[in-house]
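The values are calculated or read from the model by the stated rules, or taken from the named source; none is laboratory data. Fair warning: this is a prediction, and the values are worked out from it, not measured in the lab. Positions of Cβ are backbone-derived with ideal geometry, glycine not excepted, and every protein chain shown enters the neighbour counts. We work out accessible area using only protein heavy atoms, side chains counted, and drop any ligands, DNA or RNA first. Shrake-Rupley method; radii C 1.70, N 1.55, O 1.52, S 1.80 Å.
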Amino acid sequence: MNYSEFSLPLLHNAVDIMTPVLLAATGGLFTELTGVLNIALEGLMLIGAFFCIVFAIATGNLFLGILLGVTVSILVASLMGVITFKLKANIFITGLATNLFASGFTVFFSSQVFGTKGVLRFAGQPLLPRLDHGFLGSIPVFGEVFTGHNFFVYLSWILIFLAVFLIYRTPFGLRLRATGKNPEVICALGLKPMHYRFYGILISGFTCGLGGGFLSLRLNAFVPEITAGRGWIALVAIYLGNKTPVGILGAAFILGIAESISIYIQGIINIPADFVLAFPYIMTVIALIVYSIFKYYHSPENNKGEG
Amino acid sequence: MSYLRMESITKIYEKKGLLALDDVSLEVKENEFHAIIGENAAGKSTLMKILYGLEKPQAGRIFFKNREIKNYTPMDASRLGIGMVHQHFKLVPDFSIAENVVLGAEPVKGGIFFDKKKAIEEVQQCIDHYGFHLHAGDKVKHLTVGQMQQVEILKILYRKVDLLILDEPAVLLPEQEVHTFFSRLKELQEKEGKTLIFITHKLREIMQIASRITVMRKGKAIAVLDAKTTNEEELTKLMVGTPFLFYLKKEKIDPANVILELKDICLYDRTRKYCLLDNVSIKVHEGEIAGVTGLSGNGLAELEDVVAGIRPPTSGQILYNNTLLKKFDIAELRQGRLAYVPADRIKRGSSTRSSIHSNLIISRRHTFSSFGVFNMEHIDRFVTSLIKEYSITGHKNSPVATLSGGNIQKVILARELSVNPNFIIFCEPTWGLDVASSRFIYEEILKLRKKMVAILLISSDMDEIMNLCDSIVVLYRGKKVFAQKNSREITKTMIGEYMLGLKDDFNSENNQETKDSLP
């Protein structure tokens with residue numbers, strides 16, 4: 001049996017699947033680094049998914065659609081930021097509210113404007129172009145796995161690259177990380193930790209909007225709850241990736257492979273479909289357990305306690 | 001015109017209803033080493049925070065280099081040339097020394113990028129220039145406490161300030177590093193021409209290096225002295241003031257059984273770098289008020305945590321009613337009639353958003369319910385009688401946050417005493433309270449003593465300790481330096497000397513007799 005016939009499309013698919021998780025996790029990382037657990041990634045993605053496709057149809061232009069859709073998700077994120085940091089609400093409650101608002105509002109809006117609470121499908125909408133890379137595509141293995149994706153995939157890689165720079169190579173990133181590690185340091189300098197936390201939320205609004213846009217535009221339709229927990233998986237990816245951009249890339253890829261495998265297995269082995277669909281989530285749980293065990297044995301404090 | 005002049009600074013913390021600074025003026029000359037000393041809560045730190053722009057005063061003016069400065073942030077202050085080292089480290093352990101130092105004033109290349117290489121270079125230059133022995137690229141978490149202190153000072157030196165404010169920077173330093181640290185500061189003044197304002201409790205060291213000393217007490221600047229012409233005794237007297245007598249009627253009671261005994265309690269901080277409590281042993285008898293005092297940062301807060309069961313000690317034993325407590329279960333102890341009036345009455349002592357009503361019944365809620373349902377009539381009777389008994393001004397349904405400090409303390413006291421304790425811990429019971437409220441609390445404490453309750457009073461208020469306690473323990477750097485029965489011979493100045501670490505009964509071997517004759 002030729003393994004590459006089976007494994008290369010599987011990897012190609014994994015690269016595709018990991019993209020929305022990677023995008024959401026990249027933005028989530030910025031809030032995480034400021035010491036804020038942003039549970040609203042899921043809701044922000046859903047807002048992005050809905051408005052990207054709606055605006056793409058309305059304007060007839062893919063680029064404008066994404067731009068406006070992402071703007072809406074940034075606006076929702078900033079609203080959440082204002083309520084949390086200016087009005088001093090609990091971030092967990094505002095995050096939860098954002099998630100509930102997103103799932104309720106998208107369905108409500110779609111029933112009011114498009115007259116359906118179910119799947120939104122549009123005829124004649126612009127398609128997401130796939131990028132072929134000419135000669136790059138002809139490189140064995142590499143070409144088959146990493147080329148021929150739509151532009152969101154490559155954008156997510158660029159964003160991870162930018163995140164590395166922003167976090168580790170700018171004064172902004174330094175202060176952002178200091179905010180998470182010890183906000184008192186920032187206060188003592190006369191800066192406001194709140195500002196950096198707010199920027200973190202805005203950035204997560206931006207990337208979650210993109211992640212959501214990828215989901216609906218790739219499908220050419222909006223399905224209620226189209227995100228299907230990817231915002232939560234992104235949160236897991238942040239922790240699995242040890243809160244570093246490169247780690248997140250790896251974590252998202254592993255989770256992508258898990259989902260990709262579950263799709264392939266459906267066609268090959270006769271096992272209950274429910275189990276197959278649950279496979280990525282089971283993998284997530286296992287990955288988290290393995291991660292925390294690993295963390296436990298490698299943290300200096302535990303070693304000290306035993307020694 | 002002088003270099004720095006703070007004129008009639010008044011600061012009121014409205015939320016706490018506290019007058020922190022009352023018309024305080026301070027003058028500092030250029031290239032001077034100016035020390036500020038005073039007891040806890042004298043307003044030293046507040047005054048310095050105002051100078052650094054962290055706090056805004058209600059009244060007063062500040063002149064710096066012949067120019068009035070107002071409405072400025074710490075960022076502006078460092079641009080003006082004022083830098084501050086805080087009492088507690090403001091460092092990010094995971095960052096390198098260079099990153100910690102440049103944070104907030106990062107060197108930039110290409111307009112947006114943080115120039116890490118330049119940061120390390122510049123910080124290393126700064127380190128070498130001032131003769132520190134550090135590598136700019138090292139992570140702060142691997143440093144010793146003394147080195148972390150150097151990083152804090154580098155932070156302001158890097159910003160090229162000429163006025164350095166240091167708020168008790170030597171508190172955390174191991175004793176053997178204190179001297180080096182002070183001579184380094186002296187060098188900054190002499191060789192670099194910097195001006196230093198220094199808050200400290202270390203009288204002996206400060207006498208040698210400071211030019212002038214301002215003494216603060218209870219929110220007022222009471223004296224400015226020339227370091228050359230004054231002495232330790234005079235300073236201690238000025239700091240503690242004349243004793244304030246309450247004329248409380250204190251009956252003679254012969255202490256009976258030991259209720260609580262701490263044996264060789266040690267407590268290390270989380271990083272295990274420094275010792276917060278060092279072999280502290282204390283006994284509390286029935287019908288006795290045992291007092292523990294010291295300056296802030298010397299282990300009082302930690303002792304509170306250990307005795308109340310909030311932080312387990314690193315080593316040592318706690319005996320309660322002669323039984324050894326292995327695992328300190330607070331709920332169990334509370335059932336065993338332990339009462340606790342914490343120093344932090346807002347965060348630990350009460351739930352400020354809940355009503356007086358709820359706060360009063362919280363610790364004995366089980367006694368008011370049958371089959372899991374509250375007997376509201378019973379509770380109402382109980383609450384109303386407590387409000388009357390302790391003359392708490394406020395409706396039973398109003399949140400505790402709306403009450404004054406004195407009334408909050410009365411609510412806590414009412415709740416804690418309603419369980420009929422046989423052992424009670426009081427921590428800073430009258431901190432920030434007015435005279436009438438304080439008096440009320442003192443009378444309650446004495447009533448408890450009469451009922452043969454064992455009382456542990458942890459307080460930095462010397463008057464309180466001297467007037468109430470039957471025995472006095474002084475902690476200095478987490479170590480017991482003084483332990484005697486209270487008597488007329490014990491004076492405030494004497495206690496003050498122990499608090500400041502000028503004397504230690506337990507240090508040298510020739511003091512063995514004192515140790516053996518402990519109560």
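State all residues of the stretch A:201-222 that are open to solvent by 20 Å² or more (accessible area, probe 1.4 Å), in contact with a Gly (Cβ under 8 Å, 6 or more places away or on another chain) and among the aliphatic types (A, V, I, L, M); if no residue qualifies, say none.
Of everything in the stretch A:201-222, those that are open to solvent by 20 Å² or more (accessible area, probe 1.4 Å), in contact with a Gly (Cβ under 8 Å, 6 or more places away or on another chain) and among the aliphatic types (A, V, I, L, M) turn out to be A:Leu202, A:Ile203.
Could you tell me which numbered condition B:His135 fails, if it satisfies all but one of (1) part of a helix (DSSP H, G or I); (2) open to solvent by 60 Å² or more (accessible area, probe 1.4 Å)?
Checking B:His135 against (1) part of a helix (DSSP H, G or I); (2) open to solvent by 60 Å² or more (accessible area, probe 1.4 Å), the one that fails is (1).
For the stretch B:57-84, enumerate the residues that are among the charged types (D, E, K, R) and under 27 Å from B:Glu106 (Cβ atoms).
Correct list: B:Lys65, B:Asp76, B:Arg79.
Would you pick out the residues in the stretch B:140-159 that are under 14 Å from B:Val102 (Cα atoms) and outside any helix (DSSP H, G or I)?
Of everything in the stretch B:140-159, just one residue is under 14 Å from B:Val102 (Cα atoms) and outside any helix (DSSP H, G or I), namely B:Arg159.
If you take just the strands (runs of 3 or more DSSP E) that sit entirely in the stretch B:253-339, which of them hold at least 1 residues that are touching a His at 6+ places or on another chain (Cβ under 8 Å), buried (at least 17 other Cβ atoms within 10 Å of the Cβ) and modelled with pLDDT of 85 or more?
Because the criterion is at least 1 residues that are touching a His at 6+ places or on another chain (Cβ under 8 Å), buried (at least 17 other Cβ atoms within 10 Å of the Cβ) and modelled with pLDDT of 85 or more, the strands (runs of 3 or more DSSP E) in the stretch B:253-339 that meet it are B:258-268.
Out of the residues in the stretch A:150-162 that are of a type outside the set (A, V, I, L, M) and open to solvent by 60 Å² or more (accessible area, probe 1.4 Å), which is nearest to the other protein chains (Cβ to nearest Cβ)?
Selected residue: A:Phe161.
Can you name the residue in the stretch B:351-373 that is farther than 26 Å from B:Ile259 by Cα and of a type in the set (Ser, Thr, Tyr) and is also surrounded by the fewest Cβ atoms within 10 Å (Cβ to Cβ) among such residues?
Going through the qualifying residues, I end up with B:Ser370.
Restricting attention to the stretch A:228-235, does a residue exist that is within 14 Å of chain B (Cβ to nearest Cβ), modelled with pLDDT under 90 and not in a helix (DSSP H, G or I)?
no
Take residues that are at pLDDT 90 or above and tell me which of the strands (runs of 3 or more DSSP E) falling wholly in the stretch B:1-109 contain 3 or more.
Counting at least 3 such residues, we get B:4-13, B:18-28, B:33-38, B:59-64, B:82-85.
Yes or no: B:Thr144 free of Cβ contacts under 8 Å to residues at least 40 places away in the same chain and open to solvent by 30 Å² or more (accessible area, probe 1.4 Å)?
no
Could you list all residues from the stretch A:163-197 that are farther than 21 Å from B:Val85 by Cβ, at the interface with chain B (Cβ under 8 Å from one of its Cβ atoms) and crowded, with 22+ Cβ neighbours inside 10 Å?
Answer for the stretch A:163-197, where residues must be farther than 21 Å from B:Val85 by Cβ, at the interface with chain B (Cβ under 8 Å from one of its Cβ atoms) and crowded, with 22+ Cβ neighbours inside 10 Å: just A:Arg177.
Considering the stretch B:170-201 alone, what residues qualify as being closer than 15 Å to B:Ile36 by Cα, assigned to a loop (DSSP other than H, G, I, E, B) and at pLDDT 75 or above?
Once the filter is applied, which keeps residues that are closer than 15 Å to B:Ile36 by Cα, assigned to a loop (DSSP other than H, G, I, E, B) and at pLDDT 75 or above, the stretch B:170-201 yields only B:Thr200.
Condition first: buried (at least 22 other Cβ atoms within 10 Å of the Cβ) and of a type in the set (Gly, Ala, Ser). Now tell me which residues in the stretch B:426-455 satisfy that.
If the condition is that a residue be buried (at least 22 other Cβ atoms within 10 Å of the Cβ) and of a type in the set (Gly, Ala, Ser), then B:Ala454 is the only one that fits.
Across the stretch B:86-106, what is the total count of residues that are hydrophobic (A, V, I, L, M, F, W, C), more than 10 Å from chain A (Cβ to nearest Cβ) and in contact (Cβ under 8 Å) with a residue 40 or more places away in the chain?
So the answer is 2.
List the pairs whose first member sits in the stretch B:193-209 and is of a type in the set (Asp, Glu), whose second member is at pLDDT 80 or above, and whose Cβ atoms are under 7 Å apart, counting only residues at least 6 apart or on separate chains?
Note: pairs meeting the criteria are B:Glu205/B:Phe182.
Between B:Lys109, B:Lys116, B:Lys56, which is surrounded by fewer than 20 Cβ atoms within 10 Å (Cβ to Cβ), over 22 Å from B:Lys194 (Cα atoms) and more than 12 Å from every other protein chain (Cβ to nearest Cβ)?
Among B:Lys109, B:Lys116, B:Lys56, only B:Lys56 is surrounded by fewer than 20 Cβ atoms within 10 Å (Cβ to Cβ), over 22 Å from B:Lys194 (Cα atoms) and more than 12 Å from every other protein chain (Cβ to nearest Cβ).
Scanning the stretch B:64-80 for residues that are of a type outside the set (A, V, I, L, M) and buried (at least 17 other Cβ atoms within 10 Å of the Cβ), which turns out farthest from the other protein chains (Cβ to nearest Cβ)?
Filtering the stretch B:64-80 for residues that are of a type outside the set (A, V, I, L, M) and buried (at least 17 other Cβ atoms within 10 Å of the Cβ), the one farthest from the other protein chains (Cβ to nearest Cβ) comes out as B:Phe64.
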